[in-house]
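**Q** Have a look at this one before I ask anything.
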Amino acid sequence: MAQPDFWNDPESAQNTVQELKQLKATVEPIRSILARVDDSKALLEMLAEDEDPDLVSELGTELASMATDIDRVERITLLSGEHDARNCYFNIQAGTGGADAQDWAEMMMRMYLRFFERGGFSVEQLAMKEGEEAGIQSVNLHVKGPYAYGLMRCEMGVHRMERISPFNAQGKRQTSFASVDVQPEIDEITIDIDWDKDVREDTYRASGAGGQHVNKTSSAVRLTHTETSVVVQCQNDRSQHKNRAAARKMLAAKLYLLHQSKRDAELAKMYGEKGQIGWGYRIRTYTLQPYRQVKDERTGHKEGNVDAVLDGDLGAFIDAMLRKRAAQS
């Protein structure tokens with residue numbers, strides 16, 4: 001990076017910067033903890049000579065803080081999959097439940113955006129389809145940061161919401177669903193795609209805010225893989241060419257994972273978008289009435305502070321899933 005011609009090739013330079021971030025995310029937390037261990041040992045030696053109450057309090061605070069940071073380092077050791085360190089494409093799709101499901105999908109989008117913000121990830125919205133009455137039908141995000149894919153693949157599946165419906169005049173309890181799908185961003189994918197024969201391309205005008213040019217020209221691109229019916233779309237850029245390139249990258253990643261997951265019938269259903277986004281495939285239930293609780297159906301982990309979870313506090317659920325996977329491997 002110190003070479004004078006480093007930024008002559010911006011794309012290659014960005015890849016190098018991303019690689020550096022990933023390496024730092026692994027190494028620096030461990031270096032920091034080791035240094036703090038040495039500092040704590042020095043405090044213990046001082047306490048052996050003089051049990052100063054202030055030093056006792058300082059050491060207790062530091063040990064509690066170190067325990068939290070050690071948990072974070074341990075999380076990194078659980079992110080050892082082939083693509084775990086990569087950026088990812090993150091999709092939310094409203095399912096069964098009409099306006100309630102679309103509203104729930106928008107709530108989920110806010111929840112994950114807060115999680116990404118807290119984690120220091122950068123997020124780019126590639127495409128979004130608004131709901132007919134409320135909320136959103138779908139949104140596709142490009143999430144950049146160390147271990148984005150490894151963390152967010154723990155969230156793949158159907159999320160179920162139970163609450164008193166704000167769209168029901170009788171105030172009845174409503175169950176609604178939305179799904180999360182994640183693919184890693186892979187620069188070079190060894191998968192054969194005939195873009196002319198195997199993929200249908202549709203262009204359309206981008207919806208929503210974005211300026212006159214976005215709304216008046218057919219810059220948005222939708223790609224459909226005819227054999228598998230996998231669909232991706234991108235409308236983020238004003239350039240149809242850039243949207244097409246981004247959509248092709250997403251489609252290649254999705255087909256790559258579909259190929260990799262054929263041994264797993266559930267994942268194959270999810271990636272082929274054959275399964276219904278409803279009762280049969282839920283991974284987590286968010287209950288607002290008659291009681292308040294969020295429960296992960298895979299790990300059994302529960303949280304009573306629903307508001308905190310909906311505000312992006314998802315770390316405990318992700319950690320529980322990572323530990324379960326490590327125990328099964």
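The values are calculated or read from the model by the stated rules, or taken from the named source; none is laboratory data. Quick caveat, the model's predicted, so the values are computed rather than measured. FYI the Cβ positions are ideal-geometry reconstructions off the backbone, even for glycines, and counts take in every protein chain you see.
**Q** Can you pull out the residues in the range 239-255 that are charged (D, E, K, R) and exposed (fewer than 15 other Cβ atoms within 10 Å of the Cβ)?
**A** Matches in the range 239-255: 242 only.
**Q** Scan the range 22-32 and tell me whether some residue there is under 21 Å from the mean Cα position of the chain (by Cα), of a type in the set (S, T, N, Q) and either assigned to a helix (DSSP H, G or I) or loosely packed, with under 13 Cβ neighbours inside 10 Å (or both).
**A** Yes, the range 22-32 has at least one match.
**Q** Could you identify the single residue in 35, 67 that is surrounded by fewer than 11 Cβ atoms within 10 Å (Cβ to Cβ) and within 20 Å of residue 323 (Cβ to Cβ)?
**A** Being surrounded by fewer than 11 Cβ atoms within 10 Å (Cβ to Cβ) and within 20 Å of residue 323 (Cβ to Cβ) holds for just one of 35, 67, which is 67.
**Q** Tell me, please, whether a residue that is in a helix (DSSP H, G or I) and free of Cβ contacts under 8 Å to residues at least 60 places away in the same chain can be found in the range 87-102.
**A** Looking for residues that are in a helix (DSSP H, G or I) and free of Cβ contacts under 8 Å to residues at least 60 places away in the same chain, one finds at least one in the range 87-102, hence yes.
**Q** Taking residue 20, is it touching a Leu at 6+ places or on another chain (Cβ under 9 Å) and modelled with pLDDT of 85 or more?
**A** No: the conditions fail for residue 20.
**Q** What about residue 151, is it in contact with a helix residue (DSSP H, G or I) (Cβ under 7 Å, 6 or more places away or on another chain) and of a type outside the set (S, T, N, Q)?
**A** yes
**Q** Only one residue in 11, 51 is under 21 Å from residue 147 (Cα atoms) and among the acidic types (Asp, Glu), so which one is that?
**A** Answer to the selection: 11.
**Q** Out of 153, 160, 173, I need the residue that is of a type in the set (Lys, Arg) and surrounded by fewer than 22 Cβ atoms within 10 Å (Cβ to Cβ). Which one?
**A** 173
**Q** Additional query: Being farther than 26 Å from residue 232 by Cβ, touching a helix residue (DSSP H, G or I) at 6+ places or on another chain (Cβ under 7 Å) and surrounded by 13 or more Cβ atoms within 10 Å (Cβ to Cβ), is that true of even one residue in the range 77-91?
**A** Scanning the range 77-91, I find at least one residue that is farther than 26 Å from residue 232 by Cβ, touching a helix residue (DSSP H, G or I) at 6+ places or on another chain (Cβ under 7 Å) and surrounded by 13 or more Cβ atoms within 10 Å (Cβ to Cβ), so the answer is yes.
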